[in-house]
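First up is the structure itself, then whatever we jot down about it.
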Amino acid sequence: MTRLETLKQNLLAAFGENAQIIDALGELTLEVPAEQWTATALQLRDDAQLRFETCIDLTVVDYSAWGNGKHAGLRFGVVIHLLSVTHNWRLRVRAWAPDDEFPVVASLLDVWPAVNWFEREAFDLYGVMFEGHPDLRRILTDYGFIGHPFRKDFPVLGNVEMRYDPEQKRVVYQPVTVEIRENIPRVIREDGYGVGR
């Protein structure tokens, strides 16, 4: 029996035959309902046959445009990547935020303290709320920033830009202005390049 098969058998023993385990590309993904997110994490950490002591990463995936818009399920999947140092194996765990308009899942801070900044980053960039997180505030964008840049409905250029105004001696916010720039050097442009713009 391979290591992957052993891990799969241990997951089935821990979570029952109805556990949703996806085996693809030599990796396992365990899908759990959002209401079982914390309980599953605790069992993955504490079960002697699993012992996932370390949460390597937590992120969110916005599936709104996945498969060229053919995805019919919930929009936001919260994903963690776990490492068992004891057994030397890895696992991906995914839960779907049940409300696309106001996505909320439980915080895993009490299970793996290292997820603190990961959850803050996921909140900042995707807008997913982590219930029970003691300090859920922006970490990568400005505190006055409106929106969540990694949502697929967020404008690529953003809504506002900021710059330092030497006359006002402060940072000012203004609507985004876009200037068309030529990225092709003149020496390799074709004849008539840019005509008819």
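The values are calculated or read from the model by the stated rules, or taken from the named source; none is laboratory data. Computed from a prediction, not measured in an experiment: that's the story for all the values here. Positions of Cβ are generated from backbone atoms using ideal geometry, with glycine treated the same way; all protein chains shown enter the neighbour counts. Ligands, DNA and RNA are excluded from the accessible area calculation, which covers all protein heavy atoms including side chains. Shrake-Rupley method; radii C 1.70, N 1.55, O 1.52, S 1.80 Å.
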Odd one out for residue 103, checked against (1) out of contact with any strand residue (DSSP E or B) (no Cβ under 6 Å at 6 or more places or on another chain); (2) free of Cβ contacts under 8 Å to residues at least 60 places away in the same chain: (1)
All positions within the range 106-147 that are in contact with a Ser or Thr (Cβ under 9 Å, 6 or more places away or on another chain) and surrounded by fewer than 16 Cβ atoms within 10 Å (Cβ to Cβ): 110, 114, 131, 132, 134, 147
Criterion (small (Gly, Ala, Ser) and within 30 Å of residue 10 (Cα to Cα)) met by exactly one of 144, 132, 127: 132
Given (1) among the β-branched types (Val, Ile, Thr); (2) open to solvent by 40 Å² or more (accessible area, probe 1.4 Å); (3) in contact (Cβ under 8 Å) with a residue 40 or more places away in the chain, index of the condition residue 86 fails: (3)
Strands (runs of 3 or more DSSP E) lying entirely in the range 1-68 (those with 3 or more residues that are open to solvent by less than 50 Å² (accessible area, probe 1.4 Å)): 27-32, 54-62
Cβ pairs under 9 Å, 6+ apart, first in the range 17-31 and within 10 Å of residue 92 (Cα to Cα), second open to solvent by 40 Å² or more (accessible area, probe 1.4 Å) and of a type in the set (Val, Ile, Thr): 28/22; 29/22; 30/22; 31/22
Out of 148, 87, sole residue that is assigned to a loop (DSSP other than H, G, I, E, B) and more than 20 Å from residue 21 (Cβ to Cβ): 148
Residue in the range 157-174 that is at pLDDT below 75 and either closer than 18 Å to residue 59 by Cα or not aliphatic (A, V, I, L, M) (or both) present: yes
Test: residue 92 is of a type in the set (Lys, Arg), open to solvent by 50 Å² or more (accessible area, probe 1.4 Å) and in contact with a His (Cβ under 7 Å, 6 or more places away or on another chain): yes
